[in-house]
Amino acid sequence: MSKEISIEVSSDAKNFLVEADTERLGDIRIFGALELRYKLRRYFAEFFGMMILVIFGDGIIATVTLDDFGQIGFIMIAFGWCFGLAMALYISMGVSGGHLNPAVTIAMALFKKMPMSHVPGYLISQFFGAFAGAAIVYGNFSAKFDSFDGGVRQTTGKYATAGIFATYPDPENTVVGCFFTEMLLTGLMLFILGGIFDKHLTPARGFEPLAVGFMLFVLIISTGAMTGSPMNPFRDLAPRIFTSIAGWGSAPFTAYNYHFWIPIVAPTIGAILGIGLYEFFIIPNVRP
């Protein structure tokens, strides 16, 4: 019969352990303020991971849109987001878990897979990471924007460029259809992520970022033409706000019958449903 052994550690001992960890960390990372940087490490990882994701993702959309790659452009965009997400996960997954998505963070917290106290920091970091990524893409392609649209930023029409940063639906799709598609895709994403990272099953150990990236590729090419497949509230909202500030005006929020709220609400609901369904139905071969 096993017994649980509890060992109390004095505050002096805890301080010693923190100092020892900081000293060891100093052998790995340079610069000062190590204790502060260590406390904020999760949020730094989410910020830079999200920034890299948007730089790669929006950057490939800008390349395809401004240089007119034709029919092959959609596949290029899907691959761009696929490998962009993989690269972002390589720098963030081992530190913050690589959420890079507020819908993931909220769902994880609701199912007690992370402390609720970490949620505000994660969300703030993700939002500003996506905003910074959009600003960098815009700055990098600014000359191409002017030659493409003559300096008149447009959200709809032949010379529309707002879709480089945020997602807009197929005009033939309905509000209900858009909402369902986004909820479905994000639910599928979280359901599949459960399998990829479940240590009780056969996870893609060592290959998680690539597995997640290719999962995103399949989700995008399967229904991306319907809504643009954001599956990530801040990947859509933060760049959308940036475009509104940078010259597109209010159109990014009013276009397509005020579509902007769907990529915020639907993925969040979908993420909660996805994790919930995985937790309920996928049972490992371990007796409770």
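Only residues that are of a type in the set (S, T, N, Q), in a helix (DSSP H, G or I) and surrounded by fewer than 24 Cβ atoms within 10 Å (Cβ to Cβ): list them for the stretch 53-108, please.
T63, T65
Given the condition charged (D, E, K, R) and under 18 Å from V212 (Cβ atoms), answer yes or no: does some residue in the stretch 49-65 qualify?
The answer is no; no qualifying residue exists.
Among the residues that make up the stretch 102-110, is at least one of them under 30 Å from S142 (Cβ atoms) and of a type in the set (S, T, N, Q)?
no
Got a sec? Which helices (runs of 4 or more DSSP H) wholly within the stretch 196-277 have at least 1 residues that are surrounded by fewer than 16 Cβ atoms within 10 Å (Cβ to Cβ)?
208-227, 251-258
Any residue in the stretch 101-119 that's touching a residue at least 40 places away in the same chain (Cβ under 8 Å): show its pairings with residues that are of a type in the set (D, E, K, R) at Cβ separation under 7 Å, as long as the two are six or more apart or on different chains.
Cβ pairs passing all conditions: F111/E279; H118/R42.
Of the residues that make up the stretch 222-240, is at least one among the β-branched types (V, I, T) and closer than 25 Å to S92 by Cα?
no
Taking only the stretch 221-251 into account, find how many residues are modelled with pLDDT of 95 or more and touching a helix residue (DSSP H, G or I) at 6+ places or on another chain (Cβ under 8 Å).
18
A quick yes/no check of all residues on (1) aromatic (F, W, Y); (2) crowded, with 20+ Cβ neighbours inside 10 Å:
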| residue | (1), (2) |
| --- | --- |
| A135 | no, no |
| V152 | no, no |
| K158 | no, no |
| A162 | no, yes |
| F165 | yes, yes |
| D170 | no, no |
| L188 | no, yes |
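Give me the pairs: first residue in the stretch 66-93 and touching a residue at least 40 places away in the same chain (Cβ under 8 Å), second residue hydroxyl-bearing (S, T, Y) and crowded, with 16+ Cβ neighbours inside 10 Å, beta-carbon distance under 8 Å, and six or more apart or on different chains, which are they?
From the stretch 66-93, the pairs are L66/T161.
Would you mind finding the one in A143, A160 that is over 19 Å from F44 (Cβ atoms), more than 21 Å from the chain's Cα centre (by Cα), of a type in the set (A, V, I, L, M) and part of a loop (DSSP other than H, G, I, E, B)?
None of the others qualify; the one that does is A160.
Which residue pairs have Cβ atoms closer than 6 Å, lie 6 or more positions apart in sequence or on different chains, and pair a first residue in the stretch 181-205 that is within 16 Å of G97 (Cα to Cα) with a second residue that is hydrophobic (A, V, I, L, M, F, W, C) and part of a loop (DSSP other than H, G, I, E, B)?
M189/M231; I196/A204
The values are calculated or read from the model by the stated rules, or taken from the named source; none is laboratory data. The model shown is predicted, which means the values in this text are computed figures rather than measured ones. Ideal geometry is used to build each Cβ from the backbone, glycine not excepted, and the neighbour counts take in all protein chains shown.
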